[in-house]
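Novice: My structure is below; once you've seen it, I'll send some questions.
Computed from the coordinates by the stated procedures, all read-outs in this text should not be read as laboratory data. All values reported here derive from a predicted model rather than from experimental measurement. No Cβ is skipped: glycine too gets one built from the backbone with ideal geometry, and neighbour counts run over all protein chains shown.
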Amino acid sequence: AQSVTQLGSHVSVSEGALVLLRCNYSSSVPPYLFWYVQYPNQGLQLLLKYTSAATLVKGINGFEAEFKKSETSFHLTKPSAHMSDAAEYFCAVGYQAGTALIFGKGTTLSVSS
Amino acid sequence: NAGVTQTPKFQVLKTGQSMTLQCAQDMNHNSMYWYRQDPGMGLRLIYYSASEGTTDKGEVPNGYNVSRLNKREFSLRLESAAPSQTSVYFCASSELWDSNQPQHFGDGTRLSIL
């Protein structure tokens, strides 16, 4: 069965440090890939989407993600963490036309001062 | 610019009670979804409506029913609530039913069943 794996349910960084949140998918065919962010007591918001136009995708709030086919990965990064980045982040994968998105279990990002 | 609106935001039920969660979107989207979110489980799809007039089961449909009332509204009903249905429920919508479509989410309904 198709799946998506987010490595690390909880990531802690210091303010100003690099943020790296990992996402791996299970398919030899490049899928559709998304990152969402969820702030406390809110719904999910789209951060960025991979459309196959470019392997490096820039999203909102300074986040970006790189599609690596050889590693079946779509990791999310931000060069310098801010306190306001503390949230839960979800990777989502769409494998075939006419099918539902599959969401990862989420990674909670904590940012300390 | 409301997007996806869910009501109520919070609800406490007793085991065996019934309840309908309401969802409406104002983006003229064709497809709508109901998810539940539980700690450590991510989002799991309960039901979806690919277009007005159609509904289909998702990953965890047992104990739930849905109605696509019109293009804007998609409701989720718990006929006889059970403690295992304590969760945060999210409604989402997308322009089309396809896995390349980003979904837009409401702020959720926090449901506790005692």
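Novice: Quick one: pull the percentage of alpha-carbon pairs in the protein assembly as shown with a separation above 33 Å.
Specialist: 16 percent
Novice: What is the list of residues in the range A:4-20 whose amide nitrogen lies under 16 Å from a point 7 angstrom out from the Cα of residue A:61, following Cα to Cβ?
Specialist: Within reach of a label on residue A:61, which here means backbone N under 16 Å from a point 7 Å along Cα→Cβ, the range A:4-20 contributes A:10-20.
Novice: When chain B is modelled as a GNM with alpha-carbon springs shorter than 10 Å, which of B:18, B:84, B:99 fluctuates the most?
Specialist: Checking each option, the largest mean-square fluctuation is seen for B:99.
Novice: Moving on. How crowded by other chains is B:94-102, given as the mean number of beta carbons from other chains within 10 Å of each beta carbon?
Specialist: 6
Novice: Another question, then. Which of the GluC sites (Glu not before Pro) found in the range B:29-104 are loop residues per DSSP with 12 or fewer other Cβ atoms within 10 Å of their Cβ?
Specialist: Within the range B:29-104, the qualifying GluC sites (Glu not before Pro) (loop, at most 12 other Cβ atoms within 10 Å) are B:79.
Novice: Within 10 Å of each candidate Cβ there may be at most 10 other Cβ atoms; applying that plus a DSSP loop requirement, which trypsin sites (Lys or Arg not before Pro) in the range B:13-99 survive?
Specialist: Loop-located and lightly packed - B:14.
Novice: Considering chain B as a Gaussian network with a 10 Å cut-off on Cα pairs, which listed residue, B:63, B:16, B:40, attains the greatest mean-square fluctuation?
Specialist: B:40
Novice: May I pose another question? Within the P(r) computed for the range B:23-65, what percentage of the Cα pairs occupies the region above 17 Å?
Specialist: It works out to 36 percent of all Cα pairs.
Novice: Continuing with this model, one more query. Would you work out the charge dipole size for chain A about its Cα centre, treating the Cβ of every Lys and Arg as +1 and the Cβ of every Asp and Glu as -1, and quote it to the nearest 20 debye?
Specialist: Dipole of chain A, to the nearest 20 debye: 220 debye.
Novice: Test of understanding: ordering B:29, A:10 by Cβ neighbours within 10 Å, fewest first, what list do you get?
Specialist: By the 10 Å Cβ count, ascending: A:10, B:29.
Novice: Give me the dipole magnitude in Debye, nearest 20, for the protein assembly as shown about the Cα centre, with unit charges on the beta carbon: positive for Lys and Arg, negative for Asp and Glu.
Specialist: Result for the protein assembly as shown is approximately 240 debye, rounded to the nearest 20.
Novice: From the alpha carbon gyration tensor of chain B, can you work out the equivalent ellipsoid semi-axes (sqrt of 5 times each eigenvalue) and give them in Å, largest to smallest?
Specialist: One finds semi-axes of 22, 14, 13 Å for chain B.
Novice: P(r) for the range A:1-67, please, calculated from all Cα pair distances in 10 Å bins and given in %.
Specialist: Going from the shortest bin to the longest, the percentages are 16, 48, 31, 4.
Novice: Normalising by the residue count of chain A, find the relative contact order in percent from Cα pairs under 8 Å and 6+ residues apart.
Specialist: Computed over chain A, the figure is 37 percent.
Novice: Can you list, bin by bin at 10 Å, the percent of alpha carbon pairs in chain A, starting at 0?
Specialist: It works out to 15, 50, 29, 6, 0, in whole percents.
Novice: A follow-up question, please. Using θ = phi - 60° and the Karplus relation 6.51 cos²θ - 1.76 cosθ + 1.60, list the HN-Hα couplings for the range A:34-44 in order, rounded to whole Hz, with x at every Gly or Pro.
Specialist: In residue order, the calculated couplings are 9, 10, 10, 10, 10, 8, x, 6, 10, x, 7 Hz.
Novice: Using +1 on the beta carbon of Lys and Arg, -1 on that of Asp and Glu, and nothing else charged, what's the dipole of chain B about the Cα centre, debye to 20?
Specialist: 340 debye
Novice: Report relative contact order for chain B in percent, whole number only (criteria: Cα-Cα under 8 Å, sequence separation at least 6).
Specialist: 36 percent
Novice: How about residue B:71: which lysines have a C-alpha closer than 25 Å to its C-alpha, ignoring those fewer than 8 places off in the same chain?
Specialist: List returned: B:9, B:57.
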